[in-house]
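Below is one structure; the comments refer to it alone.
Nothing in this text is a laboratory measurement; each read-out follows from the coordinates by a stated rule. This is a predicted model, so every value here is computed, not measured. Note: ideal-geometry Cβ built from the backbone for every residue, glycine included; neighbour counts use all protein chains shown.
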Amino acid sequence: MPQPQLRTRTGRAPSAARLVRGAAVGASLALLPLATACGGAEDDSAVGKKASKTPAISAVKAEVVAPAKVEVIANLTNCKAKIRVEADELRQGVCHTKKADYLITTFPEERFQQTWLDTAGMYQGDFLVGFRWVISAELQSLKQFRPKVGGTIVHMSGMGPSAAPSPS
């Protein structure tokens, strides 16, 4: 029984050089995961020393644009957040520090963040707003967080009846 021959789209048999190049590319792609997984002969102590020399960097300097997790933002503000809401529309963590108490809220989609901001607009307050996250805190705290996490400080003036006494 005759062996089937390889053919290109034009109907010609591929040259030996093309077959060798194709095999080389295939072999290199197959070995790529192995080469990247083996990072060298560093032991854990060398990795720890290397990590300790790495300077801390803020999200602003790193130009982070991906939506962050509550825990990541909390870490940037020197807090370990306690998650108090875990829902499809948002995650919210509370931070208690010696300097401030505040909420960090993250959203899986921008539309959920916009709905949350629209609702928060009914109440008076200041918020640090980033890409699919919001920090709710006193204005002074937000000013301290902004260089570390980025975002824009937004003041909500609120709506509804005034807290001032009505004229009699």
Non-local residues with an amide H under 5 Å from the amide H of V85, with H modelled 1.01 Å from N and Pro and chain starts lacking one, are Q92
How high is the FRET efficiency between F131 and D101 when r is their beta carbon distance and R₀ equals 35 Å, given to the nearest 0.05?
-> 0.90
